[in-house]
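One structure is given below, encoded as structure tokens.
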Amino acid sequence: MKKALSIILAVTAMLSALSACSNPQQEDETTQATSTPQTQATEKQTEILGGVATQGDWGETQWILYHSGELVFSGASGSEIESDAEEQNWSAYNEYIKKIIISEGITAVDESVFSGMQSLESVSLPLTLNEIDEYAFADCPKLKEISLPDGVISVEEYAFANSGLEKIKIGAAAAQISPLCFDGCKITDIQVSEKNPNYSTDKYGVLFNKDKTTLIRYSCGFLMNSYTVPDGVTLIGSNAFNNEYLNEVVLPQSLTEIGENAFEGCLSLKTVEIPSTVTEIGSGAFRNCRSLKEFAFPDGITHIRSEVLDGCDSLETVNVPASVVYIGEKAFGSQATFEINYDGSKESWKNISVAENNSAVSNAQKHYGLSS
């Protein structure tokens, strides 16, 4: 009996040993699965559709991409998401990225870092962020809304250019927002924090400085055919208007200056009357206003700046006051089918300094206000 029991125990021990040999990593795998959270990123893989997350370093920051399409950045206080970092990046997964979350501590997003992300739908920015550089989120067609937190101070040129932005919220600290940062966006709603000391909006969502003396940006997404600039505005800022729907702009008597390229590309603009209070019209101010047929420079203008009416191919009449002493290069473009009505005499016209590349001025038929 004892001999039989010994045989049974020996057989049991042998079977246990064979079972352990057939799965030698079982204990290690169990320990690993228990100690590694499922939410933690695995090593970078070429496919994330199966629910796999991937991660890497990017300059001063670290990134992790989850199967949900969320790309999350983290970094030490004062770190930046750099444009020229050479570490492993997320570009191989651009088509999957739907949301970018930038964690607290990061202070800047550098040039072109997230440009061209075709699937990006939303961006969450931290309170510590104070700068968004050129083209940072340009050409992201599904990005419809952005909220600039109270820490953001500057947004550079073309930061969101040609994206799908329709709605913008500007925080309390914003002080340097380029009028070109939303170039090509069909924005219909601009909101500014009441605590912001630098910017404000009107009832249409047009962006002004705080006391509404400077019109900064009229969006190309507004569908109105006519817009009246409010009384009190003294400056139409550079690149303020770029709208294909406007056919009329009414300017106030308080206006004294129109900035460079202010109305460039207003393709439907047919009527604009410059008040006599305006003493400066910047270069390219009405470039490519292809529907504009008549334009009158106000009395008191001394310099007609370069390319101010370049590309205005429908021009029929340009009125020039006797106060003008200089006409800049390509001031009226290259077409020469319009007429010039000059308030001065033929002799005083000869005293005007005309820059090179002004064949349109030379060839235009001229009518003088005083006999020579």
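The values are calculated or read from the model by the stated rules, or taken from the named source; none is laboratory data. Worth saying up front: this structure is predicted, and the values here are computed from it rather than measured. Cβ coordinates were reconstructed from backbone atoms using ideal geometry, including for glycine residues, and neighbour counts include every protein chain displayed.
For region 277-328, a residue qualifies if it is over 23 Å from SER254 (Cα atoms) and of a type in the set (D, E, K, R), and the qualifying residues are ARG287, ARG290, LYS293, GLU307, ASP310, ASP313, GLU316.
Annotation: of all residues in region 239-265 being of a type in the set (S, T, N, Q) and modelled with pLDDT under 95, the one that is farthest from ASN198 (Cα to Cα) is ASN247. Do the conditions hold for SER200, that is, is it in a strand (DSSP E or B), farther than 20 Å from ARG305 by Cβ and modelled with pLDDT of 95 or more? Yes; evaluated as a whole, the condition is true for this residue. Within region 214-227, if we keep just the residues that are surrounded by 15 or more Cβ atoms within 10 Å (Cβ to Cβ) and not hydrophobic (A, V, I, L, M, F, W, C), the residue that is modelled with the lowest pLDDT turns out to be GLY221. Among the residues here, THR277 qualifies as more than 30 Å from GLY151 (Cβ to Cβ) and either hydrophobic (A, V, I, L, M, F, W, C) or at pLDDT 95 or above (or both).
The combined condition, being modelled with pLDDT of 95 or more and part of a loop (DSSP other than H, G, I, E, B), is not fulfilled by ASP183. Listed conditions (1) free of Cβ contacts under 8 Å to residues at least 12 places away in the same chain; (2) surrounded by 14 or more Cβ atoms within 10 Å (Cβ to Cβ) are all met by LYS350, apart from (2). Looking across region 228-258, the residues that are over 21 Å from GLY300 (Cβ atoms) and crowded, with 20+ Cβ neighbours inside 10 Å come down to ASN239, ALA240, PHE241, ASN242, ASN243, LEU246. Residues that are at positive phi and at pLDDT below 90 within region 57-109 comprise just one, GLY59. Output yes when any residue across region 285-299 is more than 26 Å from ASN243 (Cα to Cα) and more than 32 Å from the chain's Cα centre (by Cα), and no when none is. Scanning region 285-299, I find at least one residue that is more than 26 Å from ASN243 (Cα to Cα) and more than 32 Å from the chain's Cα centre (by Cα), so the answer is yes. Counting only strands (runs of 3 or more DSSP E) that sit completely within region 64-149, those holding 1 or more residues that are of a type in the set (Asp, Glu) and closer than 24 Å to VAL192 by Cα correspond to 145-147. Taken over region 221-268, the criterion of being among the hydrophobic types (A, V, I, L, M, F, W, C), more than 23 Å from ILE177 (Cβ to Cβ) and in a strand (DSSP E or B) is satisfied by VAL250 alone. Checked against the criteria, ILE168 counts as among the hydrophobic types (A, V, I, L, M, F, W, C), touching a strand residue (DSSP E or B) at 6+ places or on another chain (Cβ under 7 Å), buried (at least 19 other Cβ atoms within 10 Å of the Cβ) and modelled with pLDDT under 95.
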